[in-house]
Structures are given as structure tokens and as C-alpha cells.
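Below: one structure, written as C-alpha cells.
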Amino acid sequence: MSGWILGFDTATRATAVALADGRGAVLEARDDPPRGARPRHVTRLLPLCAELLDRAGLRFEQLDRLAVGVGPGTFTGLRIGVATARALARAGDLPLLGVSTLEALALGALEAARAQGRSIAAVLDARRGEAFAAAWASEAGEPLAGPLIAPAAFAPEDLATALGALEPPVLAVGEGAIAFRQVLERSGAFVPEDEAELHRVSAAAHCRIARRLSPTDPDQVIPHYLRLPDAEIARRQAGGA
């Protein structure tokens, strides 16, 4: 499949956008709020998309397809990203593809994992003392083969136990790997320094993954939360009480 793909992800605090052509050239733009600051998905997502189209000299109707990160991640961030992607796909009559944020994060670190002879684990901070994570072998190439550890929400100690059982040892990347560094490193995982680019979700990986996927109806692209939102948990607890 040739043509232009616009991809974006709002599953984490960052707003990541990429535009890729059929020859592999990629333009990227992103917004990374300072630690402790609120995400700016609502105000930055569409301007970043417009910026990349401008830089490429493209009109929206010249796109071939759209790709959006479907998580797991923050409830609000995923809702914003998926709703925006659906609206754009309908407006432009464009194919829409949902991409796993964990797989995209792992794909961005795949070459580093291979160079180190390690498996690759993508780990996002799920808040409430948990992590969203999955792991893959690094020698399988693209697309990533079936995961060694399927995407799920983990307590840090449980994730460390699961990663520690993998051979070869694991390269763990993502904001969750930073947040739970000490626990994961005790399991034998290697976590790059906090500021390493490997920890950042890149929408360029979304474009690479989307190029080999079959599009679906925009309404079938839904967030992968992996657990109930905080508000729903509170409501159920209040109902139980």
C-alpha cells in the first residue's frame, strides 16, 4: 500500500503525531507537557496535524488513511484521540486503523533490543500504582510476533516477576518503566535513562503498523482501556456501599 498516512496517539500525557509517505519518509510533531502538568490533547492535537500537512504541502483529502493509538492509556486521552480520529475519517471518507500504543512503543525500541540481544517490553504508567505492559521477542522482525506477555494491567511486582521469567532478559521502555524502574531492574530488566528517546511513544510507529493493517469502519475503532475508568470504579464502589 502506498500513499500518505497520518497517525497520532494521545494515550499518554504526550500528544504525538506523524505523517508518512509510501517511500518511508516521515515527518513528526509532538507536545510533551512538563512533569506534573496536565495533557494538552484537546488544544494541540489538531494544530499538530495541520502543521505536518502544511510542512508536506498536502491537503487533508490527499491522505490515504488515518491511524490512531487505541491504548491502553488514560481514559480521557484515549477518548479524545479516538473521537477525533473517527470524526476526521468520516469527514474525509478515509480508512481508519486502530494501533496498539504498547506495540507502537515496542516497535520504536525494537532495533535497540536487538542490538542488546534482549526481548522488548513496553510499559506505560497506568496510575493507581499499576502499569499497562506487554512484551515481545526482538528477533522476529516486523510485524512483531505474538506477544510473550499479552497486554494487561499489572501490579509492579507482578510485572517484574513476569518479565524476570523471560529469556533473553528484557529491555523495558516507556513512562511506566521509568516510574517502576527499581522494581523492574531487580527482575533483571534493563531500563534506559529517564530522558532516553526510547521511552517516548512515537506516532511514526503507528504509521508503520497501519501500513500493514486492514482498515475497518470508524465506529469499530474503539479504545483498549484494559481496566475500568476511575470514575466507573468509584461509582460501583459507591453502589456496593
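Just so you know, all these numbers are worked out from the coordinates, no wet-lab data involved. Predicted model, so just to flag it, every value in this text is computed and none were measured. Backbone-built Cβ (ideal geometry, glycine too); neighbour counts: all protein chains shown.
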>> I'd like the antiparallel share, as a percent to the nearest 5, of DSSP beta bridges with both residues in the stretch 1-132.
In response: 65 percent
>> Using only DSSP helix segments of four residues or longer, with each worth -39500 (n - 2.57), what per-residue ellipticity at 222 nm results for the chain after dividing by its residue count and rounding to 500?
In response: -10500 deg cm²/dmol
> Quick one: helix 230-240 against the long Cα principal axis of the chain, what's the angle to the nearest 10°, folded into 0 to 90?
Replying inline: 60 degrees
> Any idea which of Ala87, Ala131, Cys49 is furthest toward the positive side of the dipole for the chain, if Lys and Arg beta-carbons carry +1 and Asp and Glu beta-carbons -1?
Replying inline: Ala87
> Do any GluC sites (Glu not before Pro) in the stretch 120-161 lie in a DSSP loop with no more than 14 other beta carbon atoms within 10 Å, and if so, which?
Replying inline: Glu139
> Based on DSSP, what percent of beta bridges with both residues in the chain are antiparallel, to the nearest 5?
Replying inline: 65 percent
> Hey, what's the Cα Rg ratio for the chain versus the globular rule of thumb, 2.2 N^0.38 Å?
Replying inline: 1.00
> When the Kirkwood hydrodynamic radius is evaluated over all pairs of different C-alpha atoms of the stretch 1-103, what value in angstrom, to one decimal, is obtained?
Replying inline: 13.6 Å
> Given +1 on the Cβ of Lys and Arg, -1 on the Cβ of Asp and Glu, and no further charges, what dipole in debye does the chain carry about its Cα centre, rounded to the nearest 20?
Replying inline: 500 debye
> In debye, nearest 20: dipole of the stretch 106-199 around its Cα centre with unit charges on the Cβ of K, R (+) and D, E (-)?
Replying inline: 220 debye
